[in-house]
Structures are given as structure tokens and as C-alpha cells.
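> Have a look at this one before I ask anything.
The values are calculated or read from the model by the stated rules, or taken from the named source; none is laboratory data. Small disclaimer: the values here were computed from a predicted structure and weren't measured. Because the Cβ atoms are built from the backbone with ideal geometry, glycine has one as well, and the counts that use them run over all protein chains shown. To get the accessible areas, we keep the full protein, side chains included, count just its heavy atoms, and leave off ligands, DNA and RNA. Shrake-Rupley method; radii C 1.70, N 1.55, O 1.52, S 1.80 Å.
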Amino acid sequence: FAGGHIQVDQIALSERPKIKLFPNASIDQVMNYYGVMQQEASEDSWRPRYHYSPLVGWMNDINGPFYLKGEYHIFYQSSPYHAGFAKIIGWAHAKSRDLVHWERLPYAAWPERDKGERACWSGGMAFDAQRRPVLFYTSVPTHSRPGPFTQCAVLPVDDKLSTWKKHPAKPVLPYRTM
């Protein structure tokens, strides 16, 4: 907004989506934002070359790192739209074979605002009986649906561990008073 005018770069009418759709619809917007920011980040001469860093936004708490089938996986709290702590926080995901070259993957956990979840905070990881990783995070409720923080989980959908889905028991560890 500038001086009473709305600035628009392009308007297009089409029945085809302009964004790539990911298996988890709740992360489509943020992953497409990453795609847009990729070029800008690659041109940043101050950007670390050997330490992992997100393309944009805020990064915090590496949660549930593990090594499996020749790959290191890290998950971290991320707010891609803000340079600091923000209201919308999910678990970003990256993997590496050598801890130097990293591949960014779709978010493993992203808040489902329509279900009363505003953020995915700290947690951890454990392997289940079949040696598949299970990620546990703290679910933060929205202001419109206030309630206690609860513990939720996400499970891998594929063997490449690039797509995750929320565990059907939401939460997996409900809040209980003593």
C-alpha cells in the first residue's frame, strides 16, 4: 500500500494453480514461498556455505535429529515469514549425506489453523517398533480456540522421509491436571 494505491505486479485468470501442490496441503503456501526466495538467498554473499541455514525467516531449536540409511535429518522450529519469533511456527526439515551439503524438504509439521492449532513448538523424535521415525511436537492452540498445550506427532508417509502426516490421535499425549 503506497499513497492510497494498491501496487500489483500481475493478475492472471486461470483454472490451473500457479503454485506447486505438495502432498500436505497445509504447507503449500510456505513451500512455494521458499521457491520464490531461493534465487535471492543464493545471491547472498554473507550466507553460510558450510553450516545449514534456512532460506528465509527465523530458525530455532533443532529438534529430533537422527541418522538413518546414510542420511542425517534435522528438524527445526521455523517461521519463514518473519526474521524473529512469530505466531506461525512449524517444523522445517532438511537432510544431508555429509553434513555440509543440505537438501531442504517440505515441512514435517505445520500448524493446522482450521483445527485450532497456531504453532508447532519444541519436541523430539523416537523410532517406532518398525524402526520408522516418529516426530513429537508441542501443539500451541489458537487464540480463538484457547486451551492447553498438548503433545502431537507426525509420521513419515514415504520411505524417503520427505512427506509427513499428523498422527490420527491428536493429541497423542493430552493435557491432564493433577
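Residue-wise test of (1) in contact (Cβ under 8 Å) with a residue 40 or more places away in the chain; (2) within 23 Å of residue 32 (Cβ to Cβ); (3) in contact with a strand residue (DSSP E or B) (Cβ under 6 Å, 6 or more places away or on another chain); (4) of a type in the set (S, T, N, Q).
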residue	(1), (2), (3), (4)
104	yes, yes, yes, no
153	no, no, yes, no
160	no, yes, no, no
168	no, no, no, no
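> Being of a type in the set (Val, Ile, Thr), farther than 21 Å from residue 52 by Cα and open to solvent by 80 Å² or more (accessible area, probe 1.4 Å) is the requirement here; does residue 157 meet it?
Judged against the criteria, residue 157 is a match.
> Could we say that residue 98 is part of a loop (DSSP other than H, G, I, E, B), free of Cβ contacts under 8 Å to residues at least 12 places away in the same chain and open to solvent by 10 Å² or more (accessible area, probe 1.4 Å) here?
It is true that residue 98 is part of a loop (DSSP other than H, G, I, E, B), free of Cβ contacts under 8 Å to residues at least 12 places away in the same chain and open to solvent by 10 Å² or more (accessible area, probe 1.4 Å).
> Now for a different question. Restricting the first residue to segment 114-137 and requiring it to be open to solvent by 50 Å² or more (accessible area, probe 1.4 Å), which pairs with a second residue that is assigned to a strand (DSSP E or B) and of a type in the set (S, T, N, Q) meet a Cβ separation below 6 Å and a spacing of at least six or different chains?
Listed pairs, sorted by first residue: 121/138; 136/151.
> Conditions: (1) open to solvent by less than 70 Å² (accessible area, probe 1.4 Å); (2) closer than 16 Å to residue 162 by Cβ. Residue 77 meets all but one. Number of the miss?
Failed condition: (2).
> Where residues in segment 59-74 are among the aromatic types (Phe, Trp, Tyr) and open to solvent by 40 Å² or more (accessible area, probe 1.4 Å), which of them is nearest to residue 106 (Cα to Cα)?
Per the stated criteria, the residue is 72.
> Let me ask something additional. So which pairs qualify, if the first residue must be in segment 39-59 and under 16 Å from residue 103 (Cβ atoms) and of a type in the set (Val, Ile, Thr), the second must be part of a loop (DSSP other than H, G, I, E, B) and modelled with pLDDT under 80, the Cβ gap must be under 8 Å, and the two must be at least 6 apart or on different chains?
none
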